[in-house]
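The values are calculated or read from the model by the stated rules, or taken from the named source; none is laboratory data. Keep in mind that this is a model prediction, so the values were computed, not measured. With ideal geometry, Cβ positions are generated from the backbone for all residues, glycine too; neighbour counts draw on all protein chains shown. Accessible surface is based on the protein model in full, side chains and every heavy atom, while ligands, DNA and RNA are left aside. Shrake-Rupley method; radii C 1.70, N 1.55, O 1.52, S 1.80 Å.
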Amino acid sequence: MTARAIARVDLGAIQTNTARMRRELQRAEVCAVVKADGYGHGAVPAARAALAGGATWLAVAAAHEARQLRDAGIADVPVLVLGALTAAELDVALAARADVVAWREELVEAVAARGGGRVHVKLDTGMGRLGTRDPAQALRVAAAAAAAPGVDLVGAMTHFATADEPGDAFFGEQLARFTPWAADMRAAHPGIVVHAANSAATLRDRASHFDLVRVGVALYGLDPFGEDPRARDLRPALELSSWVAAVKPIAPGESAGYGRRFVAERPTHLATVPIGYGDGFRRAFTNNADVLVRGRRLPLVGTVSMDNITLDAGAEAAAAVGDRAVLIGEQDGERITAEELAHRLGTINYEITCELLPRVPRSHG
Ligand SMILES: Cc1ncc(COP(=O)(O)O)c(C=O)c1O
């Protein structure tokens, strides 16, 4: 055992998933979204794997994330910072030769005042976060960018709120708001890169592809719709494992963990696995998860503590000290997906991998 708990990231899966998403596209290119440390998978190795799979752009949320990619030697690929930027962060983004997103003339002026840079204009077609709601204002910002010395107007964009909810009408409404504005932008600024789709939109509707799709979650083999990734031919890239550090028999009436939230009703064995919420394996999994040992699901029993969990290994002790314990991944044909864990917590797969904390080393292969 090399570490108490480890996240192994299969870079071949990220490369394959990128190529698989590319096959959805006719002429659009792939912008690999590697923000939040590549959704917990490691931003730099994830970016390299996605580029190997055919991505030609990268996107992050924060200026320092762009800096990290440049510092790692990713020099020639456009890196788009999706998020809002403070003045200090704008300095960092522009120094990293990153593209930034504008929806106010002030941002364009700030870019020009710093010697210039590459700008994408964002129309808020219904997400309600960043961007202007006013198409005319967005056109004015674009005109200001095109006219400002040193500023390159590179792109026109929006973001969907409900692409991952098949059948909902709002996605179509957003697309219907964006499409004519994008056409106006193209007419005024030929050569700009128009982009809107995230993973779900890319899979859902070709009309959302335009010139570039910003694909995140699917590259990691996580299903954008929260279903089994296999059904959409996506390969989960992350495996989370630990090991069985202790096995002990307990009698009826004996308990496990803080608050005695598991009390044995029959003779059984407890297997202790050294991973907990201090690693990002959430306390809400208390009495509410399975872990694979020897290819079998063992129920997590008792409270998830900061550093340990306990499993019910049964009367016959289906675990021994030193056994591998798989919390996310596959063992002998049995599988636990990030989607399964997300459903148990009432959250989304994105959060399951993003919230793995730095105490869990990532091993890339
Ligand atoms: C603006 C923007 N574009 C694209 C993405 C990628 O989305 P997904 O991971 O669902 O593909 C995100 C991620 O949340 C985003 O915020």
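Conditions: (1) surrounded by fewer than 20 Cβ atoms within 10 Å (Cβ to Cβ); (2) within 16 Å of the ligand (Cβ to nearest atom). Ala218 meets all but one. Number of the miss?
Here Ala218 clears every test but (1).
Have a look at Asp223, Asp164, Asp168 and point out the one that is within 12 Å of the ligand (Cβ to nearest atom), open to solvent by less than 50 Å² (accessible area, probe 1.4 Å) and part of a loop (DSSP other than H, G, I, E, B).
Being within 12 Å of the ligand (Cβ to nearest atom), open to solvent by less than 50 Å² (accessible area, probe 1.4 Å) and part of a loop (DSSP other than H, G, I, E, B) holds for just one of Asp223, Asp164, Asp168, which is Asp223.
Just to be sure I understand, how many residues within the stretch 283-304 are crowded, with 21+ Cβ neighbours inside 10 Å and either modelled with pLDDT under 95 or under 25 Å from Gly346 (Cβ atoms) (or both)?
Result for the stretch 283-304: 9.
Quick one: would you say Leu153 is crowded, with 22+ Cβ neighbours inside 10 Å and either over 24 Å from the mean Cα position of the chain (by Cα) or within 16 Å of the ligand (Cβ to nearest atom) (or both)?
Against the criterion (crowded, with 22+ Cβ neighbours inside 10 Å and either over 24 Å from the mean Cα position of the chain (by Cα) or within 16 Å of the ligand (Cβ to nearest atom) (or both)), Leu153 qualifies.
Among the residues in the stretch 239-248, are any modelled with pLDDT of 95 or more, surrounded by fewer than 20 Cβ atoms within 10 Å (Cβ to Cβ) and either in a loop (DSSP other than H, G, I, E, B) or within 20 Å of the chain's Cα centre (by Cα) (or both)?
Yes.
Check Ala43, Ala50, Ala32 and return the single one that is among the small types (Gly, Ala, Ser), within 14 Å of the ligand (Cβ to nearest atom) and over 23 Å from Arg232 (Cβ atoms).
It is Ala43.
Could you please give the count of residues in the stretch 260-286 that are in contact with a Ser or Thr (Cβ under 8 Å, 6 or more places away or on another chain) and assigned to a loop (DSSP other than H, G, I, E, B)?
Within the stretch 260-286, residues that are in contact with a Ser or Thr (Cβ under 8 Å, 6 or more places away or on another chain) and assigned to a loop (DSSP other than H, G, I, E, B) number 6.
Would you say Arg186 is basic (Lys, Arg) and within 30 Å of Gly116 (Cβ to Cβ)?
So Arg186 passes the test.
Val194: closer than 24 Å to Ala19 by Cβ, at pLDDT 95 or above, open to solvent by less than 30 Å² (accessible area, probe 1.4 Å) and more than 12 Å from the ligand (Cβ to nearest atom), yes or no?
yes
Among the residues of the stretch 315-365, what is the count of those that are assigned to a helix (DSSP H, G or I) and either over 20 Å from Gly42 (Cα atoms) or open to solvent by less than 40 Å² (accessible area, probe 1.4 Å) (or both)?
Count: 11.
If Asp307 meets every condition in (1) in contact with a helix residue (DSSP H, G or I) (Cβ under 7 Å, 6 or more places away or on another chain); (2) surrounded by 20 or more Cβ atoms within 10 Å (Cβ to Cβ); (3) part of a loop (DSSP other than H, G, I, E, B) apart from one, which number is that one?
Every condition holds for Asp307 apart from (2).
Can you tell me which of (1) open to solvent by less than 10 Å² (accessible area, probe 1.4 Å); (2) in a loop (DSSP other than H, G, I, E, B) is the one Val213 doesn't meet?
(2)
Any idea which of (1) farther than 30 Å from Asp10 by Cβ; (2) in a helix (DSSP H, G or I); (3) open to solvent by less than 70 Å² (accessible area, probe 1.4 Å) is the one Arg177 doesn't satisfy?
Exception for Arg177: condition (3).
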